[in-house]
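Here is the structure we will look at.
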Amino acid sequence: MQLTIKYTLTSLAFLLFITCQSQIKNTKTISENIKGNCGMCKTTIEKAGNLKKVAEVNWDQKSKTATISFDSLQTNKDEILKRIALSGYDNDAYLAPDEVYAALPGCCQYERDHSDATMKHENHSTEMKHENHSNNMAHQSHKMEQSSNENTTSKSENHELNTVFETYFSLKDALVLSDAKSASIAASNLVKAIENVKMEKLEHKEHMVWMKILKEINSDVKSISNSKDLETQRKHFSSLSTNFYDLAKASDMQYPIHYQNCPMYNGGKGANWLSKENPIKNPYYGSKMMSCGSTVETIQ
């Protein structure tokens, strides 16, 4: 009797998956390894990956693999696996943010192996880039057929991190003017800009850097926002700029970003910052030593 019930439930689950898959057009089906432990994990993984009429995920608890079907003109496996990682579950391509993993219920906290996941990412990076390129080309062709006369918006205007960088530059400008109040306001705006970033829309390299620096940049930005003391703000801006440099290197902003250095700050240890303008305007000393420093790298 129990065997019959088990068989019936399995059959129903399979039929449901097939039905959902049939609703997805331009279907591509793949299998991916995704960490997890229990039924609660299954619910979270599938909810994160599923997108009505676009993507359907069926995760198997025993094998720790997911069968993923998706519309290849509307999404790709990279975007789906990003969403799953952001829900707390490591997979072949992406690691979950540490703070998200830590927030999982105890029964869902699977054994992690960062080195193994990193190796998997490296082995799959070429494949993912090729797939992303193919999917993007197909999607662009589809969009052109729908509206060949539409003007395209520049990549920099659509870039998910554009607002984050622009708000960072506003913060830098406030420190150049030695205006602690404006710096605090700019930092508050930067907190909001960071919160509004949709990580699933980031490119792969950006995503990996973003997960690495997110905790630190949030801490620095909030410290600047909560302070009215210029020296405190500048200290945290130095740390913030180091992380923003890594982010800029991973991003394609479509305009040059100048990485600049003040050798005098912090007792001669120096500090760096990012600028859209090449002429030096020192955020660590303002008018006292406005032109102190140099451009050490231009990121293009």
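The values are calculated or read from the model by the stated rules, or taken from the named source; none is laboratory data. Keep in mind that what you see is a predicted model, and the values were worked out from it rather than measured. Every residue, glycine as well, gets a Cβ built from its backbone with ideal geometry; the counts of neighbours run over all protein chains shown.
The table below gives the values:
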item	result
Sole residue being within 22 Å of residue 179 (Cα to Cα), touching a Pro at 6+ places or on another chain (Cβ under 8 Å) and of a type outside the set (A, V, I, L, M, F, W, C), chosen from 235, 276, 281	276
Where a residue in region 180-191 is outside the structural domain of residue 163 (by TED's automatic domain parsing) and its partner, wherever it lies, is modelled with pLDDT of 95 or more and in a helix (DSSP H, G or I), with Cβ under 8 Å and at least six apart	none
Test: residue 286 is surrounded by fewer than 18 Cβ atoms within 10 Å (Cβ to Cβ), within 22 Å of residue 224 (Cβ to Cβ) and either among the small types (Gly, Ala, Ser) or not assigned by TED's automatic domain parsing to the domain that holds residue 217 (or both)	yes
Answer from 75, 67, 44 - the residue that is touching a Ser or Thr at 6+ places or on another chain (Cβ under 6 Å) and surrounded by 17 or more Cβ atoms within 10 Å (Cβ to Cβ)	44
Filtered residue count, region 96-113, keeping only those that are at pLDDT below 90 and buried (at least 18 other Cβ atoms within 10 Å of the Cβ)	4
Which numbered condition residue 250 fails, given (1) touching a residue at least 40 places away in the same chain (Cβ under 8 Å); (2) under 16 Å from residue 182 (Cα atoms); (3) within 20 Å of the chain's Cα centre (by Cα)	(2)
